[in-house]
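Here's the structure, in structure tokens; my notes come after.
The values are calculated or read from the model by the stated rules, or taken from the named source; none is laboratory data. Computed from a prediction, not measured in an experiment: that's the story for all the values here. Methodologically, a virtual Cβ is constructed for each residue, glycine included, from the backbone with ideal geometry; neighbour enumeration extends over all protein chains shown. Accessible surface areas use protein heavy atoms only, side chains included; no ligands, DNA or RNA. Shrake-Rupley method; radii C 1.70, N 1.55, O 1.52, S 1.80 Å.
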Amino acid sequence: MSTFSKIALVTGGSRGLGKNMALSLARKGFDVILTYNARKDEALAVVTEIEQTGQKAAALQLNTGDVRSFDTFVSQFSAVLTDNFGADRFDFLINNAGIAAHTPIGQTSEEDFDQLTNIHFKGVFFLTQRLLPILNDGGRIINISTGLARFTSPGYAVYASLKGAIETLTKYMANELGARGIAVNVVAPGAIETDFGGGVVRDNDQVNRHLASVTALGRVGLPDDIGGVVAFLCTDEARWINAQRIEVSGGMNL
Ligand code: NAP
């Protein structure tokens, strides 16, 4: 049965939200290739967990901030598609990988700015560009933004502006790829308990309680609040959702 499963690529699928997306996609009956940057062991554990659901999975190393490595990555990805999945194309691209960085406008170095830009915008643009030839017509692209692109929190000007760029890019992708039947949407999580930003939302009680107090549903988010939404956007039922920003934040800062 899984021979005919559609295949998703989730960047940054070794931990946090990407891991939850990968597992949610597998529970919907999709096969998954996930990437990691440094934590190979965690990525392989996710692969094992997906295989236990009966779906196929594989993990590949990828630094989404290093555009020069993308041609090699696409070759490796194509080889895995052929060798492990019996396919030469895939169906869903989830541009999730990312890092947090506190960058107050007055104290941000050009180096930090460039690193964030490479990972959160340039990398997403060029990785998508390089993968388009092997993304099936009728497929989906889901980009990941943040609530911080709608509301503000001092110190996140660069990160949030780049996510704003991703939201605009999503509309352009949807427009340019519509002729191929590819729908493109952006999911914007609120504050979620992951390792992100040193795990501050999860581990700093004061921050956690403050964020809960500005969230209509009265708590911060968990990875499980996000992955299922991304998986749903890959289903046939979601086929008419296109070019949308879907905030998944429990109603933050309303
Ligand atoms: P996380 O728990 O820190 O996990 C980050 C993931 O991205 C890991 O799989 C990591 O791989 C990978 N990664 C980090 N740097 C990378 C790089 N240069 N190249 C490739 N992969 C890289 O973070 P998360 O909370 O799941 O965040 C995932 C996405 O959600 C990000 O785009 C983030 O901006 C967005 N987001 C998060 C929150 C939140 O509150 N958590 C809110 C809104 C939006 P390794 O395991 O190998 O390090």
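The number of residues in region 180-199 that are assigned to a helix (DSSP H, G or I), touching a residue at least 12 places away in the same chain (Cβ under 8 Å) and open to solvent by less than 60 Å² (accessible area, probe 1.4 Å) comes to 1.
For region 203-237, the set of residues classified as closer than 19 Å to residue 96 by Cα and either in a helix (DSSP H, G or I) or among the polar types (S, T, N, Q) (or both) consists of 223, 224, 225, 227, 228, 229, 230, 231, 232, 233, 235, listed by residue number.
The set of residues in region 157-168 that are open to solvent by 20 Å² or more (accessible area, probe 1.4 Å) and out of contact with any Pro (no Cβ under 9 Å at 6 or more places or on another chain) comprises 161, 164, 165, 167, 168. Restricting 38, 87, 57 to residues that are without any contact (Cβ under 8 Å) to a residue 12 or more places away in the chain, over 15 Å from the mean Cα position of the chain (by Cα) and either near the ligand (Cβ under 9 Å from one of its atoms) or surrounded by 15 or more Cβ atoms within 10 Å (Cβ to Cβ) (or both) narrows the list to 38.
The set of residues from region 6-29 being more than 12 Å from the chain's Cα centre (by Cα) and within 13 Å of residue 58 (Cβ to Cβ) comprises 7, 26.
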